[in-house]
1. I need the full set of residues from segment 33-58 which are assigned to a loop (DSSP other than H, G, I, E, B) and under 23 Å from R23 (Cα atoms), in order please.
2. State whether one or more residues within segment 11-18 are open to solvent by less than 50 Å² (accessible area, probe 1.4 Å), charged (D, E, K, R) and not in a helix (DSSP H, G or I).
3. Only one of A32, A36 is exposed (fewer than 12 other Cβ atoms within 10 Å of the Cβ), out of contact with any strand residue (DSSP E or B) (no Cβ under 6 Å at 6 or more places or on another chain) and closer than 24 Å to P5 by Cβ. Can you tell me which?
Amino acid sequence: MNELPQNELLSAYLDGELTAGERARVEELLAADPAARRLVDEFRAVRDRLHALPKYTVGEDLGDRVLRAAERRMLGQATAPTAAEETPSSPEMRPWRSVARRFLSPRTLAWSVAAA
């Protein structure tokens, strides 16, 4: 079967990502192997719990501003952000500032570039 480890194969089965032949073979495995059925049941329960979690939105896409700030820091530019790039000061956005500050530190960016 596709040379996938059993966990990944069963996960792909639950996600509907297998071909018809692979799906048929997994269903044969599930019919014959109680351990595989238990694992699929556990995966299904985890998936259902994750889907039940509340969904939060930031309210705006900060991706472009974060990337521009990261580029400035990587290039050593200490220029102040433009009005459009300023971090919002609303209370719900304050936690994001500390997260952005931590993940956009020169050391973190250097490690990210080195890893890439």
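1. Going residue by residue through segment 33-58, those that are assigned to a loop (DSSP other than H, G, I, E, B) are 33, 53-58.
Correct list: D33 only.
2. To start, the set of residues in segment 11-18 that are open to solvent by less than 50 Å² (accessible area, probe 1.4 Å) comprises 11-12, 14, 18.
Of the ones still in play, those that are also charged (D, E, K, R) are none.
No, the conditions are met nowhere in segment 11-18.
3. On the way: A36 fails: exposed (fewer than 12 other Cβ atoms within 10 Å of the Cβ).
It is A32.
The values are calculated or read from the model by the stated rules, or taken from the named source; none is laboratory data. All values reported here derive from a predicted model rather than from experimental measurement. Methodologically, a virtual Cβ is constructed for each residue, glycine included, from the backbone with ideal geometry; neighbour enumeration extends over all protein chains shown. Quick note on the areas: whole protein, heavy atoms, side chains included, nothing else; ligands and nucleic acids left out. Shrake-Rupley method; radii C 1.70, N 1.55, O 1.52, S 1.80 Å.
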